[in-house]
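First comes the structure, then the notes that go with it.
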Amino acid sequence: MKKYENLSKSEFLGLLKELEASYDEAKKKGLKLDMSRGKPSPEQLDLSNRMLAIDETHTSDGIDCRNYGGLAGIKEARVLFSELLSVPFENVFVSGNSSLNLMYDMISNSVTHGVNGSPPWYLSEKVKFLCPAPGYDRHFRITGHFGIEMITIPMSESGPDMAIVEKYVNEDKSVKGIWCVPKYSNPQGISYSDETVKRFACLKPAAEDFRIYWDNAYAIHHLYEDEQDEILDLFSECKKAGNPDLVYYFSSFSKISFAGAGISALCASKANLDFIKASMGAKTIGADKLNMLRHVKFFRDPAFIKAHMEKHAALLRPKFEIVLDKLEQEVGGLGIGTWQKPKGGYFISFDGINGSAKAIISLLKEAGVTMTKAGAAYPDGLDPNDSNIRIAPSFPSVEDLRKAMDLFVLCLKLVSVRKFLEEM
């Protein structure tokens with residue numbers, strides 16, 4: 001295929017006419033497809049349906065899960081997360097269905113009550129948070145909600161640019177935290193290198209209340225049995241480096257069991273957990289223990305969970321391959337886009353030419369395909385290049401995904417041709 005940059009104006013005009021005609025035809029198909037979030041498909045959710053038949057009410061040590069109590073979660077659930085994440089049992093706090101809720105609580109409590117005895121953030125003249133980008137839009141929504149200044153940190157193939165991270169963290173006491181999705185990152189699918197994890201563990205924050213928000217959402221969400229990323233355990237690395245209080249480690253079953261009815265965990269040092277429990281105790285007597293028990297009885301141990309995740313991968317892998325094959329066949333060589341080929345997670349990050357993302361998303365929506373808002377993967381929704389688009393293949397059926405990708409490529413080409421013509 002001939003690169004677009006090598007086409008003449010007459011070739012562009014001819015191509016524009018063809019693409020506009022094809023787009024007009026596409027709009028007549030009346031598509032109504034939603035790819036705005038990385039939601040599990042109904043088939044994935046069905047994998048855990050047998051959990052709903054579990055009607056046990058008591059833990060192995062006799063705790064009645066129908067009643068009050070158990071702020072940190074039932075023992076069996078804490079053990080399950082401990083084994084899954086290789087974090088000591090005593091450092092695990094299990095809660096409700098949403099790890100995002102736990103992250104919000106940590107930020108909210110820091111704003112109002114500080115961190116482990118430090119002054120509340122609301123008393124500070126300025127509070128800053130580091131945001132590796134492209135990143136998870138809901139992370140940025142939390143810090144944005146509290147009026148925290150968000151600083152974009154560039155991503156590389158090994159994770160955030162650690163030289164920039166270290167400079168901010170070690171020199172600026174107004175920097176209070178950093179968002180991280182360390183494995184199969186949202187949306188790029190990047191896994192942090194060993195060096196990156198070790199540099200995180202060895203940070204020397206100017207602010208005593210600085211914390212790493214380590215959202216290991218895709219820790220076991222591999223796409224391939226024989227090709228899987230593994231990352232160092234930041235929790236143990238922080239201990240080795242003499243920084244046990246540096247990390248808040250989040251995880252959940254949200255895309256393992258039911259997206260809206262899983263269980264979540266926060267892993268932290270004893271000092272951090274003691275402070276967190278005191279705050280949580282003012283908010284709740286405890287999360288849904290019956291749901292914790294259902295998860296424990298159904299998933300049993302890491303070996304069962306591994307087999308369960310292979311079933312997820314079998315459903316997800318063909319969808320990722322549809323997207324990647326379509327991009328390679330129709331876009332590769334044209335010079336109008338780049339993308340990652342993740343080994344796990346829920347997204348494919350695509351970058352078009354500068355100034356194209358909003359126009360592509362708009363054309364897609366007009367023709368019946370809703371995708372994540374352009375710029376969502378950046379703090380305040382502001383992509384400086386207006387080029388990044390998050391593709392979420394998980395929810396649509398295979399047939400619908402093919403239709404969506406046909407339209408995506410068409411819109412990409414149409415917007416790109418228009419951009420080249422504008423610049424001629």
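The values are calculated or read from the model by the stated rules, or taken from the named source; none is laboratory data. Just so you know, these numbers come straight off a predicted model, no measurement behind them. A quick note on method: Cβ atoms are made from the backbone with ideal geometry, for glycine too, and the neighbour counts reach across all protein chains shown. Surface areas here come from the heavy atoms of the whole protein model, side chains and all, with no ligands, DNA or RNA. Shrake-Rupley method; radii C 1.70, N 1.55, O 1.52, S 1.80 Å.
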- request: Could you go through the stretch 397-408 in sequence order and give the Karplus-derived ³J(HN,Hα) for each residue, using 6.51 cos²θ - 1.76 cosθ + 1.60 with θ = phi - 60°, rounded to whole Hz, and x for Gly and Pro?
  value: 5, 4, 4, 5, 5, 4, 4, 5, 6, 4, 5, 4
statement: Which residues qualify? For Gly344, with a placed amide H closer than 5 Å and at least 5 residues away or on another chain, they are Leu223
message: Need the C-alpha centroid separation for the stretch 201-257 versus the stretch 76-90, integer Å.
response: 14 Å
field: Dipole in debye (nearest 20) - the chain, about Cα centre, beta carbon charges: Lys, Arg +1; Asp, Glu -1
entry: 680 debye
When each of Lys17/Lys419; Lys176/Lys198; Lys255/Lys341; Lys311/Lys358; Lys9/Lys403; Lys9/Lys341 is checked by Cα-Cα distance, pairs over 24 Å: Lys311/Lys358; Lys9/Lys403; Lys9/Lys341
- prompt: In terms of the Cα gyration tensor, with a ≥ b ≥ c the square roots of its eigenvalues, is the stretch 8-144 rounded because a/c is under 1.5, prolate because a/b exceeds b/c, or oblate?
  reply: oblate
- prompt: Which aspartates and glutamates have a Cα lying under 20 Å from the Cα of Lys277, excluding residues fewer than 8 positions away in the same chain?
  reply: Glu76, Glu90, Asp105, Glu208, Asp209, Asp215, Asp245, Asp288
task: Rounded to whole Hz and in sequence order, give me ³J(HN,Hα) for the stretch 308-319 from the Karplus expression 6.51 cos²θ - 1.76 cosθ + 1.60, θ = phi - 60°, writing x for Gly and Pro.
output: 5, 5, 5, 5, 4, 4, 5, 7, 7, 4, x, 6
- line: Counting only protein heavy atoms and rolling a 1.4 Å probe, one gets per residue an accessible area for the stretch 134-274 in Å² of 36 Å²
task: Give me the percent of the accessible area of the stretch 338-407 that comes from carbon and sulfur atoms, probe 1.4 Å, all protein chains in place.
output: 49 percent
- request: Using the heavy atoms of the protein chains and a 1.4 angstrom probe, tell me the accessible area per residue for the stretch 13-101 in square angstrom.
  value: 56 Å²
query: Using a Gaussian network for the chain with springs between C-alpha atoms less than 10 Å apart, which of these wobbles most: Ser356, Ser48, Ser269?
result: Ser48
- prompt: For the stretch 36-45, what does the Karplus curve 6.51 cos²θ - 1.76 cosθ + 1.60, with θ = phi - 60°, yield as ³J(HN,Hα) per residue in whole Hz, taken in order and with x for Gly and Pro?
  reply: 7, 10, x, 8, x, 6, x, 5, 5, 5
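For the stretch 1-99, which whole-number percentage of the solvent-accessible area (1.4 Å probe, protein heavy atoms only) is attributable to carbon and sulfur atoms?
The C+S portion of the solvent-accessible surface of the stretch 1-99 is 50 percent.
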field: Potential extension, Glu230-Met51 segment - 0.36 nm per residue separation minus Cα distance
entry: 61.6 nm
- prompt: Taking H as built 1.01 Å from N, whose amide H comes closer than 5 Å to the amide H of Ala133, not counting residues under 5 places away?
  reply: Ile153, Met155
